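Worksheet for the structure shown next.
Read-outs throughout are calculated quantities, based only on the coordinates presented, and are distinct from any laboratory measurement. Remember, it's a predicted structure, so these values are computed and weren't measured experimentally. Note: ideal-geometry Cβ built from the backbone for every residue, glycine included; neighbour counts use all protein chains shown.
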């Protein structure tokens, strides 16, 4: 013990004599901290609890970010923004805007915070154009197409799947961005999920780059709502009521462009949105989980400018 102390003392003396400054070790920077917001104000996805648990698992296993979870809209305040680096909107259908300080919300991201939107995040902020502009979608408009489950019936038709899941081909438009790393080297991949059509074309949003889009040749069954045969081609009856008659038209192609995932910047802030994730089977896919993880990491590369926020929130 005395020998070890003597050696350490001698080493210190040599370092000081040589004029070498001894710099104390610095603590590693804390990983980015996010608010994972799960509040809904209309339709609520069944898998939100499991999806939130998956994101918490990713945070714990990778150590690349930390989370606090809330479904209470009162969490979207300046007090929260002062301690987090970004917000993840998980399936926030119909997110209420009346109870939110809208100006502070937008300030937070324009001053460098990260926003991650998953699936129904694009079905939020109705009547709040600044939110739609921030996310880049213009808001949810409709489901572009449905998938159908086989069912024997007199007309040989198929029955409408109320889950609105579509088996489609997704094009990988940007094979170099970190968020598409699971599909680098591939032009496309197949997936079964619920897709959105948006009120405006995301490609027209400033500073937006599309990552994934729907293959326009993906086939699906178009539908027309109105008078006519019931879904499945069965005649109306007590066993087969027709509250919303649907005409099933022949398989056809997706008629126009439909972005599925993108990134954008707004002033100092970063935004990542993916339309995928409605189907719980999607969350079981390692490529999708890696896609979301990379999106969180990408937005977290830019931390909030606290001086910018202090200036705006005087």
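Rounded, prolate or oblate: pick one for region 37-146, where a ≥ b ≥ c are the square roots of the eigenvalues of its C-alpha gyration tensor, a/c under 1.5 means rounded, and failing that, prolate if a/b is larger than b/c, else oblate.
Note, shape of region 37-146 comes out oblate.
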**OP:** Arrange 88, 170 by Cβ neighbour counts within 10 Å, fewest through most, would you?
**Re:** 170, 88
Original post:
For 198, 273, what's the fewest-to-most ordering of other Cβ within 10 Å of each Cβ?
Top reply: 198, 273
Original post:
Going by how many other Cβ atoms sit within 10 Å of their own, how do 260, 118 line up, fewest first?
Top reply: 260, 118
Subject >> Theoretical FRET efficiency, 1/(1+(r/R0)^6), r = Cβ-Cβ of residue 83 and residue 142, R0 35 Å, to 0.05 >> reply: 0.40
